[in-house]
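The values are calculated or read from the model by the stated rules, or taken from the named source; none is laboratory data. Here the structure is a predicted model, which means the values were calculated and not measured. Neighbour counts run over all protein chains shown; Cβ positions are idealised from the backbone, glycine included. Areas reflect the complete protein model, heavy atoms only, side chains present, ligands, DNA and RNA absent. Shrake-Rupley method; radii C 1.70, N 1.55, O 1.52, S 1.80 Å.
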Amino acid sequence: QVPLVESGGGLVQTGDSLMLSCVSSVLPVSSSTLGWFRQVPGKDREFVATIGWAGSRYAEFVEGRFTISRDVHRNTIWLQMNDLKPEDTAIYYCAGRDLSNLAQEAGAYDYWGQGTQVTVSS
């Protein structure tokens with residue numbers, strides 16, 4: 001059973017929007033911390049945003065363009081991405097940890113999805 005399942009990626013143009021979703025099958029969204037990371041070939045996985053009981057946090061490069069949200073009844077989180085840029089092109093991964101404090105390090109997360117590709121053309 002895949003613990004986290006992402007969807008919503010795709011090919012868009014600069015300035016477009018996308019909404020990614022992540023359904024958790026093992027972690028209760030209400031008491032866990034979930035987040036989004038992204039990765040391009042040859043680079044480390046990069047923190048994007050996280051949400052939990054303590055609130056939410058974003059990477060600096062988001063610059064107000066992305067919004068993370070959650071629905072505890074549907075055990076789902078989303079990442080609304082607006083004003084997309086070519087440098088946002090990456091595989092986006094949903095991650096989860098069974099702790100309530102927020103974390104920006106990939107190593108702090110125990111559960112991962114398989115990723116969804118986001119490609120932004122110029």
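Quick check: at a probe of 1.4 Å, how many percent of the accessible area of the chain sits on carbon and sulfur atoms? Mind showing how you got there, number by number?
Values: 2900 of 6120 Å².
Of the solvent-accessible surface of the chain, carbon and sulfur hold 47 percent.
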- What is the chain's relative contact order, in percent, from Cα pairs under 8 angstrom and six or more apart in sequence? 37 percent
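Quick one: putting +1 on the C-beta of Lys and Arg, -1 on the C-beta of Asp and Glu, what dipole do you get for region 1-106 around its Cα centre, in Debye to the nearest 20?
Working: 9 positive and 12 negative charges, 47 e Å.
That gives region 1-106 a dipole magnitude of about 220 debye.
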- Item | 5 angstrom amide H check on G10, placed H, neighbours 5+ away | V118, T119
- Accessible area in square angstrom per residue, the chain, 1.4 angstrom probe: 50 Å²
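Mean projection of the alpha-carbon convex hull of the chain over all orientations, in nm²?
Working: hull surface 27.2 nm².
Projected over every direction and averaged, the Cα hull of the chain covers 6.8 nm².
How large is the convex hull of the C-alpha atoms of region 1-57 per residue, in Å³? Can you show the working numbers first?
Working: hull volume 7.1 nm³, N = 57.
So the per-residue Cα hull volume is 125 Å³.
Taking the Cβ of S17 as the centre, find all other residues whose Cβ is under 13 Å away and add up their charges (Lys, Arg: +1; Asp, Glu: -1). Could the numbers behind the result be given before it?
Working: positive: R65, K85; negative: D16, D83, D88.
So the environment of S17 carries a net charge of -1.
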- Note on the structure: Once both label points are put 7 Å beyond Cα along the C-beta direction, the R74-N101 separation in nm becomes 3.1 nm
- Message: I need the phi-derived Karplus couplings for region 8-13: 6.51 cos²θ - 1.76 cosθ + 1.60, θ = phi - 60°, integer Hz, Gly and Pro marked x.
- Response: x, x, x, 9, 9, 9
